[in-house]
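Remarks on the structure that follows.
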Amino acid sequence: MYKTKAYAAGSATSPLASTTITRRDPTEHDVQIEILFCGICHSDLHQVRNQWSNVMPTVYPIVPGHEIVGRVTKVGSAVTKYKSGDLAAVGCMVDSDGTCPQCKAGVEQFCPNMTLTFNSPDKHLGGVTYGGYSDSIVVDERFVLRVPSNLELAGAGPLLCAGVTTYSPMRHWGVTKGKKVGVVGLGGLGHMGVKFAHTFGAHVVVFTTSPNKKEDALRLGADEVVVSRNGDEMKKHAGSFDFILDAVSADHDINTYINLLGRDGNITLVGAPEKPFAVAAFSLLFGRRSLSGSLIGGIPETQEMLDFCGAHNITADVEVIPIQKVNEAYERMLKADVKYRFSVDMASLKSE
Ligand code: NAP
Ligand code: ZN
C-alpha cells in the first residue's frame with residue numbers, strides 16, 4: 001500500500017479539502033496511473049451531498065471523480081495492454097465480476113457486482129473506493145481505457161462519463177441523419193449530447209433554461225434552441241421528436257417533454273435528480289411514446305466512443321481549474337454556470 005494526495009469531503013455539509021488516502025500497490029492485473037486531469041460531474045456533487053441516499057448512501061470521507069485521464073506509471077506482471085508512459089483513462093467503473101450475462105454482453109454497468117470508481121465497496125482494501133480527485137489511482141487493466149493521442153487531455157477527461165452517458169443512449173435509440181433529436185439541459189452531459197447528435201447527422205434542438213447559452217448551443221451543433229420557460233416556443237415542437245435526451249440535474253416537469261415526442265418517440269433520462277418525478281399516463285399512451293433511462297456505458301462502448309471522438313476530434317468544452325477551486329465550482333454548477341465542464345488540473349494537488 002502507498003499514500004497519495006486527494007481531496008475529500010468528510011460529511012454531506014462539509015466542503016472538499018486536502019487529505020491523504022491509501023491506495024493498493026498494483027497487483028499483477030493492475031495499472032497504476034498518475035492522474036493529470038479529472039472532470040467534475042454533477043454526480044460528484046449529488047454524492048458528496050448525499051442526495052442519492054435512497055439508492056447509494058454516501059460513505060464518508062468521499063473522494064469523488066470519475067472522468068480521469070493520466071499517464072501510466074507502473075503495471076503488474078500480467079498486464080498486456082498498457083505500459084509505463086502510456087496515456088490512459090478511467091471512467092465510472094473500476095471492476096465487475098466478469099462472468100455474469102451483463103459482463104459477457106459488454107454492459108458491465110449493469111453487473112450486480114460492479115464496483116464504481118468512488119463510494120463503492122473496495123474489494124482490495126475494504127472501506128470504499130476513492131475517485132479521481134487524487135494524485136494517482138490503481139485499476140484493473142480491464143477497466144482502463146485508451147485515449148486517442150490527438151485529443152487534448154483536459155477536454156478528454158469528461159468523455160469518460162459525460163461522453164459515454166450521452167453517446168450510449170443515442171446509439172441505442174438510433175440517432176442518425178433524418179431524426180429530430182432534443183437535448184434538455186445544456187450542462188456537462190447536455191453539451192456532449194449536442195456534439196454527438198450533430199455528428200451523427202440528426203436535426204438537433206436544445207432546450208435550455210438559460211437564454212444566455214443560445215449562441216453556444218448553436219456553435220456546439222444545435223440547429224435550433226428553445227428557451228424552455230417560454231410556453232409558446234415549446235408548443236411549436238409538440239408531437240415532433242423521434243428522441244429526446246433529458247440531462248437535467250434538478251426537479252423539472254418531464255411531461256412537457258414527453259408531449260413533444262412523435263409516434264413511438266422515446267425520451268431517455270440520463271439526469272438523476274434527487275426526487276422522483278410525476279409522469280402523466282396519457283402523455284405516454286397517446287402516440288405509444290416511451291420513457292426510459294440509461295446508465296453510463298459498458299467498457300467496449302466507452303472505448304468505441306473514445307475512438308469515435310479521436311476520429312472526429314471531439315472533446316468537452318472545459319474550464320480548467322486548480323483543485324483548490326473545487327468548492328466554488330460546485331456552487332457554480334448548481335447555478336447552471338458551467339461552460340460546459342470543469343476539468344481539474346491535478347498538478348495543482350502537488351502544492352497541498
Ligand atoms: P450539469 O453540468 O450541472 O448540467 C445540468 C444542466 O441542467 C444545467 O446546466 C441546466 O442546463 C439544467 N438545469 C439545472 N437545473 C435545472 C432546473 N431546475 N430546471 C431545468 N433545468 C435545469 O450536470 P451534468 O454533470 O451534466 O449532469 C446532469 C445530470 O445527469 C445529473 O443529475 C447527474 O448526476 C446525471 N448523470 C447521470 C449519468 C448516468 O449514467 N445516467 C451519468 C452522469 C451524470 P440549462 O442551463 O441549459 O437549463
Ligand atoms: Zn459522471
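When the residues of region 94-109 are filtered to those that are within 17 Å of Tyr167 (Cα to Cα) and touching a helix residue (DSSP H, G or I) at 6+ places or on another chain (Cβ under 6 Å), which remaining residue is surrounded by the most Cβ atoms within 10 Å (Cβ to Cβ)?
Glu108
With respect to Gly157, determine if the residue is touching a residue at least 40 places away in the same chain (Cβ under 8 Å), in contact with an Asp or Glu (Cβ under 6 Å, 6 or more places away or on another chain) and buried (at least 19 other Cβ atoms within 10 Å of the Cβ).
Judged against the criteria, Gly157 is a match.
If Gly163 satisfies all but one of (1) more than 24 Å from Asn266 (Cα to Cα); (2) open to solvent by less than 10 Å² (accessible area, probe 1.4 Å), what's the number of the condition it fails?
Exception for Gly163: condition (1).
Looking only at region 203-219, which residues are closer than 17 Å to Lys180 by Cβ and touching a Phe, Trp or Tyr at 6+ places or on another chain (Cβ under 9 Å)?
Val205, Phe207
Name the one entry in Val69, Val75, Val59, Val90 that is touching a strand residue (DSSP E or B) at 6+ places or on another chain (Cβ under 8 Å), within 16 Å of Glu34 (Cα to Cα) and open to solvent by 10 Å² or more (accessible area, probe 1.4 Å).
On inspection, the qualifying residue turns out to be Val75.
Could you please let me know if Phe308 is modelled with pLDDT of 95 or more, touching a strand residue (DSSP E or B) at 6+ places or on another chain (Cβ under 9 Å) and among the hydrophobic types (A, V, I, L, M, F, W, C)?
Against the criterion (modelled with pLDDT of 95 or more, touching a strand residue (DSSP E or B) at 6+ places or on another chain (Cβ under 9 Å) and among the hydrophobic types (A, V, I, L, M, F, W, C)), Phe308 does not qualify.
Give just the number: which of (1) closer than 20 Å to Leu116 by Cα; (2) in contact (Cβ under 8 Å) with a residue 60 or more places away in the chain does Val55 not satisfy?
Val55 satisfies all of (1) closer than 20 Å to Leu116 by Cα; (2) in contact (Cβ under 8 Å) with a residue 60 or more places away in the chain except (2).
Scan region 115-130 for residues that are among the hydrophobic types (A, V, I, L, M, F, W, C), over 17 Å from Gly98 (Cβ atoms) and surrounded by 19 or more Cβ atoms within 10 Å (Cβ to Cβ) and report the count.
2
Can you pull out every residue in region 160-180 that is within 16 Å of ligand 2 (Cβ to nearest atom) and part of a helix (DSSP H, G or I)?
Leu160, Ala162, Gly163, Val164, Thr165, Thr166, Tyr167, Ser168, Pro169
Can you tell me which residue in region 17-48 is surrounded by the fewest Cβ atoms within 10 Å (Cβ to Cβ), limited to those that are within 16 Å of ligand 2 (Cβ to nearest atom) and aliphatic (A, V, I, L, M)?
Across region 17-48, the extreme among qualifying residues is Leu45.
Of the residues in region 322-346, how many are touching a Phe, Trp or Tyr at 6+ places or on another chain (Cβ under 9 Å), away from ligand 2 (no atom under 16 Å from the Cβ) and in contact (Cβ under 8 Å) with a residue 40 or more places away in the chain?
Total satisfying the criteria: 3.
Among the residues of region 259-279, count how many are in contact (Cβ under 8 Å) with a residue 12 or more places away in the chain and within 30 Å of Arg49 (Cα to Cα).
Result for region 259-279: 12.
In region 276-305, how many residues are within 11 Å of ligand 1 (Cβ to nearest atom) and at pLDDT below 95?
Total meeting the criteria: 0.
Could you count how many residues in region 333-348 are open to solvent by less than 20 Å² (accessible area, probe 1.4 Å) and basic (Lys, Arg)?
Of the residues in that region, 1 qualify.
Residue by residue through region 186-201, note down the ones that are open to solvent by 10 Å² or more (accessible area, probe 1.4 Å) and more than 22 Å from Asp337 (Cα to Cα).
Scanning region 186-201 gives His198, Thr199, Phe200, Gly201.
Having 1 or more residues that are of a type in the set (Gly, Ala, Ser) and surrounded by 14 or more Cβ atoms within 10 Å (Cβ to Cβ) is the bar; report the strands (runs of 3 or more DSSP E) wholly within region 204-317 that clear it.
Strands (runs of 3 or more DSSP E) meeting the threshold: 261-269, 290-293.
The values are calculated or read from the model by the stated rules, or taken from the named source; none is laboratory data. Everything quoted here is computed from the prediction, not taken from an experiment. Don't worry about glycine lacking a Cβ; one is built from the backbone with ideal geometry, like all the others, and counts go over all protein chains shown. Heavy atoms of the whole protein, side chains included, go into the accessibility calculation; ligands, DNA and RNA do not. Shrake-Rupley method; radii C 1.70, N 1.55, O 1.52, S 1.80 Å.
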